[in-house]
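Enquirer: I have a structure I would like to understand better, so I am pasting it below and will then ask my questions one at a time.
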Amino acid sequence: MPDKKSITIKIRVDSQTHAEMQSRADRYTDGNLSAFVRCATLKYEEQPMADRDNPRMIALIKSAIKLIERTGTNTNQVAKHINEQQKMNPYSLRAADLLPFGLFCEGTDKIQQMLTYLYNMIISGK
């Protein structure tokens, strides 16, 4: 004897989400929204998302963002200075004017290492 479906699950969605769900139910389950939701949830086999409560990962992301912001601000300041100088004398650009950009290489290397570490942490699921 088959198990009688006696439990009702209620979910709240906006009209756009409901229309999209109903459209997919029409396409895949002859308009039966309940069958579509059952199928979508019971046959879902994707890997679980990385744990969002990983404090080490969150701290590393925040540090990377701060370093990226600082490097971007410094780069903009140097570019602004060079642009202002070029307005006064268009042919006055010297190699020494580009020297500050070399100082940012260490920062960009750190950023690259941090993002690589984050990528590997996310891929490994730790």
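The values are calculated or read from the model by the stated rules, or taken from the named source; none is laboratory data. Note that the coordinates shown come from a computational prediction; the quantities given were computed from them, not determined experimentally. Heads up, the Cβs are rebuilt from the backbone with ideal geometry, glycines too, and the neighbour counts pull from every protein chain shown. Remember, those area values only see protein heavy atoms, side chains included, never the ligands or the DNA or RNA. Shrake-Rupley method; radii C 1.70, N 1.55, O 1.52, S 1.80 Å.
Enquirer: Suppose all protein chains stay in the model; what accessible area per residue would a 1.4 Å probe give for the chain, in Å²? Please report the intermediate quantities before stating the final value.
Expert: Working: 11170 Å² over 126 residues.
I get 89 Å² per residue for this part.
Enquirer: Given points 7 Å out from each Cα along the Cα-Cβ axis, report the Ser23 to Leu67 separation in nanometres with one decimal.
Expert: Modelled inter-label distance: 4.3 nm.
Enquirer: Let me ask something additional. State, as an integer percentage, the relative contact order of the chain based on alpha-carbon contacts under 8 Å between residues 6 or more apart. Don't skip to the answer; put the middle values down first.
Expert: Values: 45 pairs, mean separation 30.4, N = 126.
Value for the chain: 24 percent.
Enquirer: PRE reach from His81 (point 7 Å along Cα→Cβ): which of segment 99-123 fall under 15 Å by backbone N?
Expert: Label zone hits: 99-105.
Enquirer: Using DSSP loop states and a limit of at most 12 other Cβ atoms within 10 Å to flag chymotrypsin sites (Phe, Trp or Tyr not before Pro), what is the longest stretch of the chain containing no flagged site?
Expert: Numbers: sites that count: Tyr44, Tyr91.
Excluding the exposed sites themselves, the longest stretch runs over 45-90.
Enquirer: Let me ask something else about it. Considering the options Ile9, Gly102, Ala19, tell which one lies farthest towards the positive end of the dipole of the chain, charges being +1 on Lys and Arg and -1 on Asp and Glu at the Cβ, about the Cα centre.
Expert: Going by the charge dipole, the pick is Ile9.
Enquirer: Can you compute 3J(HN,Hα) from phi for each residue in segment 82-94, using the Karplus curve 6.51 cos²θ - 1.76 cosθ + 1.60 with θ = phi - 60°, rounded to whole Hz and x for Gly and Pro?
Expert: 5, 4, 5, 5, 5, 5, 6, 8, x, 9, 9, 5, 10
Enquirer: Where is the GNM fluctuation largest for the chain (alpha-carbon springs, 10 angstrom cutoff): Leu93, Leu115, Leu67?
Expert: Leu93
Enquirer: In debye to the nearest 20, how big a dipole does the chain give about its Cα centre with +1 on each Lys and Arg Cβ and -1 on each Asp and Glu Cβ? Intermediate results must be reported in sequence, preceding the final value.
Expert: On the way: 18 positive and 14 negative charges, 57 e Å.
Using only the charged Cβ atoms, the result is roughly 280 debye.
Enquirer: Only four residue types carry charge here, +1 at the Cβ of Lys and Arg and -1 at the Cβ of Asp and Glu. Report the dipole size of segment 55-124 about the Cα centre in Debye, rounded to the nearest 20.
Expert: Numbers: 8 positive and 5 negative charges, 39 e Å.
Dipole of segment 55-124, to the nearest 20 debye: 180 debye.
Enquirer: Roughly how tilted is helix 105-124, in degrees to the nearest 10 and between 0 and 90, from the longest Cα axis of the chain?
Expert: Long axis of 105-124 versus the principal axis of the chain: about 10 degrees.
Enquirer: Under 10 Å, Cα contacts only: if you run a Gaussian network model on the chain, which one of Pro90, Pro55, Pro100 comes out with the highest mean-square fluctuation?
Expert: Taking springs between Cα atoms under 10 Å, the residue moving most is Pro90.
Enquirer: Given a Förster distance of 35 angstrom, what is the FRET efficiency for Val37 paired with Thr108, based on the Cβ-Cβ distance and rounded to 0.05?
Expert: Values: r = 47 Å, r/R0 = 1.34.
Step by step, r from the Cβ atoms, then E = 0.15.
Enquirer: Another question, if that's okay. Residue-wise, which Karplus ³J(HN,Hα) couplings in Hz belong to segment 66-76, taking 6.51 cos²θ - 1.76 cosθ + 1.60, θ = phi - 60°, and x for glycine or proline?
Expert: My calculation for segment 66-76 gives 4, 5, 5, 4, 5, 5, x, 5, 4, 4, 4 Hz in order.
Enquirer: OK, next. Let me know the longest stretch in the chain that avoids all GluC sites (Glu not before Pro) found in a DSSP loop with at most 11 other C-beta atoms within 10 Å. Could you put the intermediate results ahead of the total?
Expert: Details: sites that count: Glu45, Glu46.
That would be 47-126.
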